[in-house]
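Right, one structure below, let's go through it.
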Amino acid sequence: APPAGYENTVQVTAVDQFDPDSVPGNDDGDQSEDDEASVTVTPQQVDVSLVKVISDPAPNVGDVVTFTLTVSNDGPDAATGVGGADVVPDGYSGITNVSDGGTVAGATVTWTGLSVPAGGSVDVSFDAVVGAPPADFENVAQVTAVDQFDLDSTPGNDDGDQSEDDEASVTATPQVADLDLSMSVSDVVPNVGDVVSFTMT
């Protein structure tokens, strides 16, 4: 992996006859003679990162929310074969409307084969139904694959700490209300024909 050395040098090391313009086997790395040659390979490199948002961070239980994952690439090369996985926690159900050819298996939404140009980004998304507390509502996703070498993260090594820029999470906080109802009447022993007032609090 970069930043290793990729210049590969070769030299003629022996010949029975006299060579008028080079000395076999004296390679000093400067390729100043015609019996030396080199070639350099430059591996493709990308810097893929992930950002995740939810359409409503304070939804009501039963609401449908949309999760959008934005995969960006700071280059210098285009990123191909990009894959991602979103493990949906038990606070959500009913995963639908998965974009860009993504698939659902159990509670995991995955995408494969995405391409992200250098300096560009790609959005993928899905919908889910918000459940009731005290379920888990932190939704974590990670880039799981990329064809090129990523300069500062390792795809698919998610350990949950989000220490690399190819991981992201978002948490919804469902709205909760604790309602109590009481009722009173202005006269609990009225006469027939009396008007009474009921008050609900």
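List of remarks:
- Scanning segment 7-28 for residues that are touching a Ser or Thr at 6+ places or on another chain (Cβ under 6 Å) and part of a loop (DSSP other than H, G, I, E, B) yields Pro24, Gly25.
- Exclusive hit being touching a residue at least 60 places away in the same chain (Cβ under 8 Å) and not in a loop (DSSP other than H, G, I, E, B), set Val82, Val104, Val61: Val82
- Complete set of residues in segment 26-49 that are hydrophobic (A, V, I, L, M, F, W, C) and either touching a Leu at 6+ places or on another chain (Cβ under 6 Å) or modelled with pLDDT under 90 (or both): Ala37, Val39, Val41
- The residues on offer are Asn73, Asn8, and the sole one that is of a type outside the set (A, V, I, L, M, F, W, C) and over 30 Å from Asn157 (Cα atoms) is Asn8.
- Gln31 meets all of the listed conditions (1) loosely packed, with under 13 Cβ neighbours inside 10 Å; (2) polar (S, T, N, Q); (3) assigned to a loop (DSSP other than H, G, I, E, B) but one, namely (1).
- Checked against the criterion of being open to solvent by less than 70 Å² (accessible area, probe 1.4 Å), touching a Pro at 6+ places or on another chain (Cβ under 6 Å) and not aromatic (Phe, Trp, Tyr), the candidates Ala85, Ala78 yield just one match: Ala78.
- For segment 88-97, the condition holds for at least one residue, the condition being that it is open to solvent by 50 Å² or more (accessible area, probe 1.4 Å), at positive phi, part of a loop (DSSP other than H, G, I, E, B) and not aliphatic (A, V, I, L, M).
- Test: residue in segment 47-62 that is open to solvent by less than 60 Å² (accessible area, probe 1.4 Å) and over 30 Å from Asp136 (Cα atoms): yes
- Each residue in segment 1-24 was checked for being modelled with pLDDT of 80 or more and aromatic (Phe, Trp, Tyr), and 1 of them qualify.
- Residue in segment 64-74 that is modelled with pLDDT under 95, in contact with a strand residue (DSSP E or B) (Cβ under 9 Å, 6 or more places away or on another chain) and not in a loop (DSSP other than H, G, I, E, B) present: no
- Out of Pro174, Pro155, sole residue that is open to solvent by less than 80 Å² (accessible area, probe 1.4 Å) and over 28 Å from Asp56 (Cβ atoms): Pro155
- Meets criteria (out of contact with any Gly (no Cβ under 6 Å at 6 or more places or on another chain), outside any strand (DSSP E or B) and either farther than 24 Å from Glu164 by Cα or open to solvent by 30 Å² or more (accessible area, probe 1.4 Å) (or both)) for Ala118: no
- All positions within segment 49-58 that are within 15 Å of Ser125 (Cβ to Cβ) and assigned to a strand (DSSP E or B): Leu50, Val51, Lys52, Val53, Ile54
The values are calculated or read from the model by the stated rules, or taken from the named source; none is laboratory data. Values in this document were obtained by computation on a predicted structure and should not be read as measured data. Note that each Cβ is placed from the backbone with ideal geometry, even for glycine, and that neighbours are counted across all protein chains shown. Side chains are part of the model used for accessible areas, which takes the heavy atoms of the whole protein and leaves out ligands, DNA and RNA. Shrake-Rupley method; radii C 1.70, N 1.55, O 1.52, S 1.80 Å.
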